[in-house]
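Encoded as structure tokens, the structure appears first; notes follow it.
The values are calculated or read from the model by the stated rules, or taken from the named source; none is laboratory data. Note that the structure is predicted; figures quoted are calculated from it, not measured. Every residue, glycine among them, receives a Cβ derived from its backbone with ideal geometry; neighbour counts consider all protein chains shown. To get the accessible areas, we keep the full protein, side chains included, count just its heavy atoms, and leave off ligands, DNA and RNA. Shrake-Rupley method; radii C 1.70, N 1.55, O 1.52, S 1.80 Å.
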Amino acid sequence: MTIQVGDKVPDIALTTMTAEGPAPVTSAELFAGKKVVLFAVPGAFTPTCSAKHLPGFVGNADAIKAKGVDTVACISVNDPFVMGAWGNDQSVGSNVLMLADGSAAFNKAMGLDWDLSAKGLGLRSQRYAMIVEDGTVTHLAVEEAGVFDVSSAESVMSEIGRASCRERV
């Protein structure tokens with residue numbers, strides 16, 4: 001079952017690359033008491049992810065954070081070394097937190113995994129973006145397979161603020 005607006009994000013162990021090497025971070029730590037924009041890509045270094053999705057969030061990170069967002073994070077079913085290398089390749093710096101979901105545990109728990117084994121790619125994440133406030137999903141945009149639209153940085157920016165208002169109504 002896919003997570004929905006109003007649901008709590010499951011507490012799953014993830015990994016991020018630091019200067020000292022891979023470091024664990026739980027989703028509970030990531031979201032607790034914060035407003036986070038999390039976007040997911042099917043894979044690091046893939047065409048749409050590298051040409052459009054990640055660069056859109058890197059380029060708009062300051063504008064997103066100016067709207068009251070504490071953290072912008074990218075998650076993919078890759079290991080932390082790949083996510084770290086991709087972040088370096090894309091000049092992410094401190095703009096976007098790069099998260100590795102190496103075994104797809106987070107995306108499976110969210111109901112947003114995508115089996116691409118028939119194409120030789122194994123289990124991946126669907127392309128999506130969400131706004132999470134203190135662990136609760138306030139906005140979720142999942143792309144149709146092969147499409148890049150509703151999970152873009154620009155689309156998410158237009159939802160920031162609206163998502164919080166809908167939750168309070």
Cα-based shape type of segment 99-144, given that a ≥ b ≥ c are square roots of the gyration tensor eigenvalues and the cut on a/c is 1.5: prolate
Portion, in percent, of the accessible area of the chain that falls on carbon or sulfur, probe 1.4 Å: 52
Surface accessible to a 1.4 Å probe, F31 within the full protein complex, Å²: 0
Listed residue (A13, N60, L116) projecting farthest to the positive dipole end of the chain, Cβ model: N60
Ordering of 16-25, 145-154 by burial proxy (mean other Cβ atoms within 10 Å per residue, highest first): 145-154, 16-25
Rounded if a/c under 1.5, otherwise prolate or oblate - the chain, Cα gyration tensor axes: rounded
Accessible area (Å², per residue) of segment 39-113, counting only protein heavy atoms and a probe of 1.4 Å: 37
Pair V150, L123: separation of 7 Å Cα→Cβ label points (nm): 2.4
Spin-label proximity, F81 to segment 1-40 - amide N less than 17 Å from point 7 Å beyond Cα toward beta carbon: 15-24
Mean Cα-pair separation over length for the chain, i.e. relative contact order, pairs under 8 Å, 6 or more apart, %: 29
Value of relative contact order over segment 83-142, rounded to a whole percent, pairs C-alpha under 8 Å and six or more apart: 18
Potential lengthening between Q4 and D134 on full extension [0.36 nm per residue; Cα-Cα distance subtracted]: 45.3 nm
